[in-house]
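Contents: one structure, followed by commentary.
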Amino acid sequence: MSTRMTHLAPISALLMIGICGLPTPTAKGADSTEVVLLGTLHGMHHQNARYSVGILRDLVVKLLKPSAILIELPPAIGGEPTIEKQRIAGRLANDENWSANAAADVLQIPVIAYDREGRNEYYEETKYFDREGRLNRRIDPWRSSTENAKLAPAETALLGPLLGNAARSRDYFMLNTGPEVINSDGFDRIIRLKHFIWEELMPELSAQVRSLNDLAGEFAFFRDEWHERNRIMAGNIATQARKRPGQRIVVLCGCEHRYILRDLLLAQPEVHLKEFYEVTASKP
């Protein structure tokens, strides 16, 4: 077995097994709105022939036939609207955004932005990506060093490989598999594991390392931003669902958001979550 597949094997197994404690759908009323979360690849569809922009478009047009498509964009960026005449503005209409516009043109339905208002401005104000880069640069060498092994050898032996395997498995599946894998419970578990390690285990272990014990605030910042943004996104999706009782909407979301958006939307009485492969008949 190749080194690459050895890395992937433990995580790939998650695609075949269940995990206790995951949320399960509850019965919804007849007036609830069917919401299909379609995980997307954020700029990688052109690299994956099994989940190309054309395949994504055709899933929406030929199978799902929704009354609206929701896209992971804020209502404006830099003061310029992201949606113009119910379509994604031309400067942003690439990759899955192209798929959304193309599907909406065929079906004659609106495209709606549902991400947090002021998202990009917030990232600039907080220097989000610079801070993320600095945090990774400080954490990565430590994960492979012997400094932490003296403090928590068992946890350290598991932490680095798990986090690395989760990220490599995510990338492998995003580049090589179709929508049925990207939109599966197994893939969601990989992303859930990645976030659990980053949000829960890494802060606890780094606090035990003298050179890293000042990072608690940074870990908290990224954890809180992730949960707050997804909470707002789920709220905006639920708002759009309430406007379309008895209909179906498709929500295009980066595949890392699927697990947490599903958790949040399962609690919304007006939302009936469905996977694209569970849809057997179109709704108007």
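Here are the numbers:
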| read-out | value |
| --- | --- |
| Single condition I77 does not satisfy, out of (1) within 22 Å of A238 (Cα to Cα); (2) buried (at least 17 other Cβ atoms within 10 Å of the Cβ) | (1) |
| Residue check for A149: modelled with pLDDT of 85 or more, touching a Ser or Thr at 6+ places or on another chain (Cβ under 6 Å) and of a type outside the set (F, W, Y) | no |
| Subset of segment 90-116 [closer than 17 Å to P75 by Cβ, of a type outside the set (A, V, I, L, M, F, W, C) and touching a strand residue (DSSP E or B) at 6+ places or on another chain (Cβ under 9 Å)] | G90, R91, N97, N101, P110, Y114, D115 |
| Segment 245-276: number of residues that are within 13 Å of L38 (Cα to Cα) and either modelled with pLDDT under 95 or among the small types (G, A, S) (or both) | 1 |
| Any hit, segment 96-105, residues being at pLDDT 95 or above, touching a Ser or Thr at 6+ places or on another chain (Cβ under 7 Å) and surrounded by 14 or more Cβ atoms within 10 Å (Cβ to Cβ) | yes |
| Helices (runs of 4 or more DSSP H) wholly inside segment 174-284 that include at least 1 residues being closer than 20 Å to R134 by Cβ and out of contact with any Lys or Arg (no Cβ under 6 Å at 6 or more places or on another chain) | 185-196, 202-206, 216-242 |
| All positions within segment 104-127 that are over 20 Å from the mean Cα position of the chain (by Cα) and in contact (Cβ under 8 Å) with a residue 60 or more places away in the chain | T126 |
| Tabulated pairs, segment 252-270, first more than 23 Å from A166 (Cα to Cα) and among the hydroxyl-bearing types (S, T, Y), second crowded, with 21+ Cβ neighbours inside 10 Å and modelled with pLDDT of 95 or more, C-beta under 6 angstrom, 6+ apart or interchain | none |
| Qualifying positions in segment 191-248 - in contact (Cβ under 8 Å) with a residue 12 or more places away in the chain and aromatic (F, W, Y) | W198, F219, F221, F222, W226 |
| Whichever residue in segment 132-146 is surrounded by 14 or more Cβ atoms within 10 Å (Cβ to Cβ) and within 30 Å of T82 (Cβ to Cβ) and, among such residues, is modelled with the lowest pLDDT | L135 |
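Residues checked against (1) within 14 Å of I112 (Cα to Cα); (2) surrounded by fewer than 23 Cβ atoms within 10 Å (Cβ to Cβ):
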residue	(1), (2)
N230	no, yes
N236	yes, yes
Q240	yes, yes
K243	yes, yes
I249	yes, no
C253	yes, no
Y259	no, no
L264	no, yes
P269	no, yes
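Rundown of residues vs (1) surrounded by 18 or more Cβ atoms within 10 Å (Cβ to Cβ); (2) at pLDDT below 95; (3) of a type outside the set (S, T, Y), yes/no style:
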{"site": "L158", "(1), (2), (3)": "no, yes, yes"}
{"site": "N165", "(1), (2), (3)": "yes, yes, yes"}
{"site": "S169", "(1), (2), (3)": "yes, yes, no"}
{"site": "F196", "(1), (2), (3)": "no, yes, yes"}
{"site": "S206", "(1), (2), (3)": "yes, yes, no"}
{"site": "S211", "(1), (2), (3)": "no, yes, no"}
{"site": "A220", "(1), (2), (3)": "no, yes, yes"}
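The values are calculated or read from the model by the stated rules, or taken from the named source; none is laboratory data. Source: prediction; values computed, not measured. Backbone-built Cβ (ideal geometry, glycine too); neighbour counts: all protein chains shown.
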